[in-house]
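S.K.: Let me give you the structure first, and then I'll get to my questions.
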Amino acid sequence: MSRRLLSVIVPCFNEEESIPLYYEAMEKIRQHLPVDLEYIFVNDGSKDQTLDLLRALSSEAPNVHYISFSRNFGKEAAIYAGLKEARGDLVTLMDVDLQDPPELLPEMIKLMEEKQLDCVGTRRADREGEPPIRSFFARLFYRLIATISETKMVDGARDFRLMTRQMVEAILELSEYNRFSKGLFSWVGFETEYISFENRERQAGETSWSFFSLLKYSIDGIVNFSEAPLNIASIVGLVSCCLSGLALLFVVFRALVYGDPTAGWPSLVAIVIFFAGLQLLCLGIIGKYIGKIFLETKRRPVYIVKEKK
Ligand code: UDP
Ligand code: MG
C-alpha cells in the first residue's frame, strides 16, 4: 500500500523571518512521520520577501507548493484557499511562527489512528506570555459564545488541527463569504479530540493582531454563529415597552387622582435619551446582521490568486 499524503497548510503574512525557521523545524520532523508530506504555503499579500522565499523553496523541493494572493485577504481566506488546494488524505493547518509545535504532529497522527478519529485538534493548556488583558477578553469571548451559540468552541483551541479528507470536504461545502473557521470546524461535527500543550511564544517576526482586530474577530464570531444578540434586542425592546406602558398608566392615574403637578421634565428627558440610545443599539445590532447578509449576497470570491505553484 502506498503511503498516505499529509498536506500542511501554512498561511503567511509578512513572515520572511519565520519561514526558514519553520521549514527547518518541519523537515526535522518529516522523517519521523508515517506519511508523505506536501507543504501548501499561502502568501496572504505580504509586503516583505515572503513570496521570494516561497518561490525559492518550491523550486528546490517538489513537495513545496504555494499560492500567492493579489492582496491581503486575512487568515481565514488563506485557510480556505489552502484547504481547496490540498490533495492529501490528511490535512493540517499550521501557523508559520512555530507557535504550533511541529513535534506534536506524530502524536496527532498516532492518536487519530488509534482512536479512529476524524480530527485531532490542539489547545493551549495555558496563556503564558500573553498580555493579561488579552487573556481576559479571550476567556470572556469563549464563555459568551458557549452560552449564546449552539456551536461549541473550545477555549484555547488553536487552528492547528489534523483532519481527514472527509472532514475537509465537509468544510469546503461551507462556501460562505464570512468565514469564522473556529466555528466552521465545530459546526461540521465529526469525532474530534484535543491535545493540550504549553503555550509558545512566537519565534520570529511580529503578530499581526491588534487588540481591536481581535475584538472585531470575536464580534464576527458571535454574529456568524449566534442569533442571540437579535433575540436580546427584541426582548429588551419588549420589556421596556411593557415597563413604559405601566409607567404611563401610573402617570395618568396620578394626574386623575391628585391633579397634575407639572414637574419632572429632567426625568422625562433622561427617559427619552435612554430609550433613544436603546433603539440605536438595537438598530446597530440589526445592522451588523444586515451587513453580513449584504456581503454574503454579493457572492464575491473569498480570495484572488495572483500566482501559484
Ligand atoms: N496570517 C495571515 N494573514 C493575516 C494575518 C496572519 O495569513 O492577515 C498568518 C500569519 O502569517 C501566521 C498566522 O496567520 O502564520 C497566525 O498569525 P499571528 O501569529 O500573527 O497570530 P497570533 O498567533 O498572534 O494569533
Ligand atoms: Mg502566532
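The values are calculated or read from the model by the stated rules, or taken from the named source; none is laboratory data. It should be emphasised that the depicted structure is a prediction, and the values quoted were computed from it without experimental measurement. Because the Cβ atoms are built from the backbone with ideal geometry, glycine has one as well, and the counts that use them run over all protein chains shown.
Yes or no, residue by residue, for (1) closer than 30 Å to Phe141 by Cβ; (2) among the charged types (D, E, K, R):
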residue	(1), (2)
Phe212	yes, no
Leu215	yes, no
Asn224	yes, no
Glu227	yes, yes
Cys242	no, no
Val251	no, no
Tyr258	no, no
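S.K.: Output the number of residues of region 174-208 satisfying the condition of being within 13 Å of ligand 1 (Cβ to nearest atom) and loosely packed, with under 12 Cβ neighbours inside 10 Å.
M.R.: Total meeting the criteria: 3.
S.K.: (1) touching a Gly at 6+ places or on another chain (Cβ under 7 Å); (2) modelled with pLDDT under 85; (3) within 20 Å of Ala81 (Cβ to Cβ); (4) not aliphatic (A, V, I, L, M): which one isn't true of Ser181, the others all being true?
M.R.: That leaves (1) as the condition not met.
S.K.: Could you say whether any residue in region 131-145 is under 22 Å from Tyr39 (Cα atoms) and touching a Ser or Thr at 6+ places or on another chain (Cβ under 6 Å)?
M.R.: Taking every residue of region 131-145 in turn, none turns out to be under 22 Å from Tyr39 (Cα atoms) and touching a Ser or Thr at 6+ places or on another chain (Cβ under 6 Å).
S.K.: Which residue pairs have Cβ atoms closer than 7 Å, lie 6 or more positions apart in sequence or on different chains, and pair a first residue in region 122-143 that is over 27 Å from Leu104 (Cα atoms) with a second residue that is in a strand (DSSP E or B) and at pLDDT 85 or above?
M.R.: No pair meets every condition.
S.K.: Inside region 209-222, can you point out the residues that are within 11 Å of the chain's Cα centre (by Cα), near ligand 1 (Cβ under 10 Å from one of its atoms) and free of Cβ contacts under 8 Å to residues at least 40 places away in the same chain?
M.R.: Tyr217
S.K.: Also, quick follow-up: Give region 140-171 a look and list any residue that's charged (D, E, K, R) and outside any strand (DSSP E or B), or say none. Quick ask: steps written out before the conclusion?
M.R.: To start, the set of residues in region 140-171 that are charged (D, E, K, R) comprises 143, 150, 152, 155, 158-159, 161, 165, 169.
Passing the criteria: Arg143, Glu150, Lys152, Asp155, Arg165, Glu169.
S.K.: Between Gly264, Gly291, which is under 25 Å from the mean Cα position of the chain (by Cα) and either aliphatic (A, V, I, L, M) or under 28 Å from Ser240 (Cβ atoms) (or both)?
M.R.: Details: Gly264 fails: under 25 Å from the mean Cα position of the chain (by Cα).
Exactly one of Gly264, Gly291 is under 25 Å from the mean Cα position of the chain (by Cα) and either aliphatic (A, V, I, L, M) or under 28 Å from Ser240 (Cβ atoms) (or both), namely Gly291.
S.K.: Residue under question is Ile67, and the condition is that it be among the aliphatic types (A, V, I, L, M), within 16 Å of ligand 1 (Cβ to nearest atom) and closer than 15 Å to Ala170 by Cα; does it hold?
M.R.: no
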